[in-house]
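Okay, here's the structure, questions in a sec.
The values are calculated or read from the model by the stated rules, or taken from the named source; none is laboratory data. Note that the coordinates shown come from a computational prediction; the quantities given were computed from them, not determined experimentally. Using ideal geometry, Cβ is built from the backbone for each residue, glycine included, and neighbour counts are taken over all protein chains shown. Remember, those area values only see protein heavy atoms, side chains included, never the ligands or the DNA or RNA. Shrake-Rupley method; radii C 1.70, N 1.55, O 1.52, S 1.80 Å.
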Amino acid sequence: MAKLLTIQGGKPLQGEVHVRGAKNLVPKSMVASLLGSEPSELRNVPEIKDVEIVTNLLTIHGVKVDRDATSGIMTLDPRETYSAEHSEIDAYAGDSRIPILFCGPLMHKNGEAFIPDLGGCRIGDRPINYHLEVLRNFGAVVDKRATGIHISAPRGLRGAKLELPFPSVGATEQVLLTAVLAEGITELKNSAVEPEIHDLIAILQQMGAIITVYTDRTIRIEGVSRLSGFRHRAIPDRNETASWASAALVTEGDIYVRGAAQRDLTAFLNIYRKIGGEFEVDDEGMRFWHAGEPLKPLVLETDVHPGFMTDWQQPMVVALTQAHGVSIVHETVYENRFGFTQALTRMGASIQLHRECLGSNPCRFGQRNFQHSAVISGPSKLSGADIDIPDLRGGFSHLIAALAARGTSNVTGIEIISRGYEYFIDKIAGLGADISISER
Ligand code: EPU
C-alpha cells in the first residue's frame, strides 16, 4: 500500500541529523568491487534504495554482499562471480541508472553483460549514448534488444583515446571502471571531476589501478592485468547536506548536520551565505541556520563541478521563493529540471519558466526549446497543498516547502525520496516537524 505523509507546516526545523556516505558514490564503489580478485570493505554506507538495488544486482551475479545497517560497514566478495540470468536482471528494469556501470566490470569478469532498461529521476531524456560510444571504443559489441542491452567483448577490451561531448559523471565512471583492466592506455578528455569521481579514483587506486588526473579535465589510465580489493570510507553526501541546509533556511530553523564536510560544498556555501544563510564548521559536521535578516534574491546558474551543482538547485529554489525581490536560476546540466516548480506555484510561489538562457554559462538547451530558466519573485506566503512527489531532489524540495508552509500538506510518492535520503521521515520528525504517516 502507498504511504501518505501529512505535514502541518510552519514550525522551524531544529536539532541534529546524521549524514552518511554519498548516494552518488556508494553504489558505484560497490560496482568497483566486482573488478577485484579479493574482497573489499566499504564504510559509511547509507540505508538507501540505490544501495539495496545494487546489492541485489551484485548478489545475482555471485558477489557475496554483507552489510550492517547500524555501523554502515559492507563487505563485498567477488571471488565467485558468474553471469546472471537475463530474467533475474530484468527484475530491476526501471529502478536505477547504476546498472549501466556494470558493463565494463562484467565484460572483464565474464566476457559479456546484460543491462536492463534504466530508471532514475525523470529530469530530462537522460540518454546513454556517451556510455555506449565509449564502450564501443574499448572494443565492445553492443546489441540493443527489446528487453535491454546485451554487450560483449569477443576480442577483449583495449585502452582508447576518448573525448566526451559534455563532462558527464556517469560516462566518466564508465570509462574508469572499464579502462582500469583494459589492455594499454586510455586517455579521456573533457571528463567529469566531481568529488565523487575523485573518491572512485581513490578506490580504484587502492585496488592497484594507475590513474592520473590532469588540471584540464583529462584523465589517463594505464591498464593493469589484476586488481585486488579495497578498504574505503565513502565521502559524505554533499547533496543531502545541502538539502538540510536549505531546509534550515526556509523554515527559519537551525540544523546541525553530523558527518557533513565543508570542502566539497564551496559553491553551495557561497550562494547560501549571499542569500542570507549562516553556517559553522567543526570536526564532526556543520551547522546551518537562517541569519535573521530578510533573504536576498540572486542570480544562480548550475554547472558541472566546481560550479553550483544541479542537485542543489531544487532545494535552493524553495529558499528563493522567500527572498525579497526577483531571482533568476539558469539550469545548464539537465534540460527538464523545473517540473517540480508546478507544485510550488500551487502552494503560492511566483515562478515563471523560460526557454531562453537567462545566464552566461555555456548551455546546450537554449536553442532546443527547453524550459530551463526560472524567474522567481518573492517573498511568497506558501500554503499547504496535495503533492505527488515527481523525483528525488524535487520531492525533497516539496517537503521543505510543505514544512515551511501554513496549513496541511498531503504528500504521496514519498518512496522516491528514500532512493537518496536515508531515514528521512525519522530525521524530519526528530527536527520537530509536525508529521504523520498513514497507508492509502
Ligand atoms: N548525457 C548524455 N548522454 C549520456 C550521458 C549523459 O547526453 O550518455 C547528458 C545528460 O542527459 C545530462 C548531462 O549529460 O544532461 C549530465 O549527465 P551525467 O551523465 O553527468 O549525469 P548522471 O551520471 O546520469 C549523476 C548523478 C545525478 C547528478 C548528475 C550530475 C548519480 C547516480 N546520479 O547522474 O544525481 O545530477 O550526475 O552531477 O550519480 C541526483 O542525485 O538526484 C541525481 C540526479
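Would you be able to tell me the number of residues in the stretch 265-288 that are part of a strand (DSSP E or B), out of contact with any Gly (no Cβ under 7 Å at 6 or more places or on another chain) and among the hydrophobic types (A, V, I, L, M, F, W, C)? Before you say what the answer is, go through the steps one by one.
Going residue by residue through the stretch 265-288, those that are part of a strand (DSSP E or B) are 277-282, 285-288.
So of that shortlist, the ones also out of contact with any Gly (no Cβ under 7 Å at 6 or more places or on another chain) come out as 277-282, 286-287.
Those still in the list that are among the hydrophobic types (A, V, I, L, M, F, W, C) too: 279, 281, 286.
Residues in the stretch 265-288 being part of a strand (DSSP E or B), out of contact with any Gly (no Cβ under 7 Å at 6 or more places or on another chain) and among the hydrophobic types (A, V, I, L, M, F, W, C): 3 in total.
Yes/no per residue for (1) among the charged types (D, E, K, R); (2) touching a residue at least 60 places away in the same chain (Cβ under 8 Å); (3) closer than 19 Å to residue 12 by Cβ; (4) open to solvent by 10 Å² or more (accessible area, probe 1.4 Å):
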{"position": "235", "(1), (2), (3), (4)": "no, yes, no, yes"}
{"position": "242", "(1), (2), (3), (4)": "no, yes, yes, no"}
{"position": "273", "(1), (2), (3), (4)": "yes, no, no, yes"}
{"position": "281", "(1), (2), (3), (4)": "no, no, no, yes"}
{"position": "286", "(1), (2), (3), (4)": "no, no, yes, no"}
{"position": "297", "(1), (2), (3), (4)": "no, yes, no, yes"}
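If residue 37 passes every condition in (1) over 18 Å from the mean Cα position of the chain (by Cα); (2) within 20 Å of residue 226 (Cα to Cα); (3) open to solvent by less than 10 Å² (accessible area, probe 1.4 Å); (4) at pLDDT 95 or above but one, which one does it miss?
(3)
Right, another one. Hey, residue 2 hits all of (1) among the aliphatic types (A, V, I, L, M); (2) crowded, with 24+ Cβ neighbours inside 10 Å; (3) touching a Lys or Arg at 6+ places or on another chain (Cβ under 6 Å) but one; which does it fall short on?
Failed condition: (2).
I want to confirm something. Restricting to the stretch 345-363 and keeping residues that are part of a loop (DSSP other than H, G, I, E, B) and open to solvent by less than 80 Å² (accessible area, probe 1.4 Å), which single residue is nearest to residue 385 (Cα to Cα)?
Top of the filtered list is 347.
With hydroxyl-bearing (Ser, Thr, Tyr), over 30 Å from residue 428 (Cα atoms), open to solvent by 40 Å² or more (accessible area, probe 1.4 Å) and under 25 Å from the mean Cα position of the chain (by Cα) as the only criterion, which of 70, 59 stands out? Steps first, please.
Numbers: 70 fails: over 30 Å from residue 428 (Cα atoms).
Result of the check over 70, 59: 59.
Okay, moving on. For the stretch 320-344: of the residues being assigned to a loop (DSSP other than H, G, I, E, B) and free of Cβ contacts under 8 Å to residues at least 40 places away in the same chain, which is farthest from the ligand (Cβ to nearest atom)? Let's see the steps before the verdict.
Of all residues in the stretch 320-344, those assigned to a loop (DSSP other than H, G, I, E, B) come to 321-324, 331-340.
Next, only the ones that are free of Cβ contacts under 8 Å to residues at least 40 places away in the same chain stay: 333, 338.
On the way: 333: 5, 338: 14 Å.
Ranking the qualifying residues of the stretch 320-344, first place goes to 338.
So in the stretch 151-179, with the set limited to residues that are more than 8 Å from the ligand (Cβ to nearest atom) and assigned to a loop (DSSP other than H, G, I, E, B), which one is most open to solvent (accessible area, probe 1.4 Å)?
Ranking the qualifying residues of the stretch 151-179, first place goes to 155.
Filtering the stretch 98-121 down to residues that are at pLDDT 85 or above and under 17 Å from the mean Cα position of the chain (by Cα), which residue is nearest to the ligand (Cβ to nearest atom)?
Taking the candidates together, the pick is 98.
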